[in-house]
2 protein chains.
Amino acid sequence: MKKVPLSTMERLPAYLRVIDSLVSHGVDFASSAQLASRAGVSSAQFRKDMSLLGASSGVRGAGYDLAALRVEFRQALGSAELVRFVIVGAGNLGQALAASSAFRRGGLDLAGIFDVAEGRVGQEIAGISVLHDDQLEEFISANEVSIAVIATPGSSAQQVADTVVRGGAKEILNFSPVVLQVPSTVEVRSIDLGVELQMLALHARNGA
Amino acid sequence: MKKVPLSTMERLPAYLRVIDSLVSHGVDFASSAQLASRAGVSSAQFRKDMSLLGASSGVRGAGYDLAALRVEFRQALGSAELVRFVIVGAGNLGQALAASSAFRRGGLDLAGIFDVAEGRVGQEIAGISVLHDDQLEEFISANEVSIAVIATPGSSAQQVADTVVRGGAKEILNFSPVVLQVPSTVEVRSIDLGVELQMLALHARNGA
DNA sequence: GCATGTGAAGTGGTTCACAGCA
DNA sequence: TGCTGTGAACCACTTCACATGC
């Protein structure tokens, strides 16, 4: 049961959006081919994912019951239990992240936003008061925050990482272009926006 | 020579940063183990990457000549030729992206920023005047822009994608939570910030 | 008959382990 | 001796192709 591949899990939110969209148009049954093409994957991929998930909403010769699928996806994503997270860095990126509706979905709870700049501390973003980094460690342990999103400049990223780890955070989503050094018990996911663009540039050059 | 795996290419920027940092501390020789641990990969991984790249700066029993490595990485990344790109959407995320120093590296050239909001058109961001989306298609074809970064709300993402494709863009970096439908000649890379967090939330639940 | 569900084959990338060389 | 360079084994995921069952 624990054997669902990570890559399958990463596709579930996209599947969920496709289903929501179809349901809101009054559709409540669809084939793997229809669902897959809207989600940008192959139909085999989609069926394999269903198989791996142990989903049982498919009907041979007919398609999938969307309402049932939706339920299965949601519980696979574990949306029951709320997971608290904080955003460190209230600059443009931090604000963009806080505003992102995506973060309101899926059992996530934005518990706090932190920054070091006097001008930003005390401001309200997404209905939450920005606190000073000084209070970060205590806030994390007091509120049992398990995830920290680092949206600071690279120069302070490692320091922030150390702080949140001391506070007890177990996962870090890192947007700075720095490879963070953390204990192996802490999971880090990094998104380096520069790297993403460079990969495209590479394609642009090769393709042209 | 074309056989360098994508995943190897994605690690080069991180390697480059590690090397730059070491060089600036006066180091000019290092072993695969030292370099790899700072870059957050295994030493075997690092050596394999060097092997696949055809790099020849390693000295058996000693380590790697950092200056020579740096040259090889840079040319592997093709930093000679400038690739032009535009950012569509001048909200928080668009501004964060425009400000990102990462985009100034690696032979990338931010040619324009676009938005639909009256209040934003005409503003200066990162030294560039924000233009209206109306001019997007023409701008792309006139300036031979090959990459478009979509930082708009999901509701307009597909429309923007259609526009940039008509203009002649060949690659799209998509930050909206929408699966874009584009001709197969166009390469799309998507970053859904919500999905990234959800994956961490998943770990948080399972780990705890 | 038609679309699902799934073993089997294929693909791409990582790790292992050791031969080769300064 | 120590560390690189690399074939070979391994692993995770994807695609194929077909048996299965509504």
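The values are calculated or read from the model by the stated rules, or taken from the named source; none is laboratory data. Model, not experiment: these values are computed from the prediction. Neighbour counts run over all protein chains shown; Cβ positions are idealised from the backbone, glycine included.
Residue check: is A:R120 within 28 Å of B:I172 (Cβ to Cβ) and of a type outside the set (S, T, Y)?
Considered against the rule, which asks whether it is within 28 Å of B:I172 (Cβ to Cβ) and of a type outside the set (S, T, Y), A:R120 comes out as no.
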Residue ID - nearest to A:G40 (Cα to Cα), chosen from residues in segment B:173-193 that are in contact (Cβ under 8 Å) with a residue 12 or more places away in the chain and out of contact with any strand residue (DSSP E or B) (no Cβ under 8 Å at 6 or more places or on another chain)
B:Q181
Looking at segment A:164-199 only, could you name the residues that are over 22 Å from the mean Cα position of the chain (by Cα) and crowded, with 17+ Cβ neighbours inside 10 Å?
A:Q198
Report the residue count in segment B:17-50 for those that are of a type outside the set (S, T, Y) and closer than 18 Å to A:Q181 by Cβ.
18
Return the residues of segment B:1-14 that are within 13 Å of DNA strand D (Cβ to nearest atom) and of a type outside the set (G, A, S); say none if nothing qualifies.
B:K3, B:V4, B:P5, B:T8
Does A:D20 qualify as being at pLDDT 90 or above, among the charged types (D, E, K, R) and within 16 Å of DNA strand C (Cβ to nearest atom)?
no
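Residue-wise test of (1) more than 11 Å from chain A (Cβ to nearest Cβ); (2) at pLDDT 95 or above.
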residue	(1), (2)
B:Q135	yes, yes
B:E138	yes, yes
B:Q159	yes, yes
B:V164	yes, yes
B:S184	yes, no
B:L193	no, no
B:A204	no, no
If you scan segment B:89-111, which residues turn out to be at pLDDT 80 or above and in contact with an Asp or Glu (Cβ under 8 Å, 6 or more places away or on another chain)?
B:G89, B:A90, B:G91, B:G94
What residue, among those in segment B:118-149 that are buried (at least 16 other Cβ atoms within 10 Å of the Cβ) and among the acidic types (D, E), is farthest from A:Q198 (Cα to Cα)?
B:D133
Do you know which residues across segment A:51-90 are in contact with a Gly (Cβ under 6 Å, 6 or more places away or on another chain) and either within 6 Å of DNA strand C (Cβ to nearest atom) or polar (S, T, N, Q) (or both)?
A:Y64, A:S79
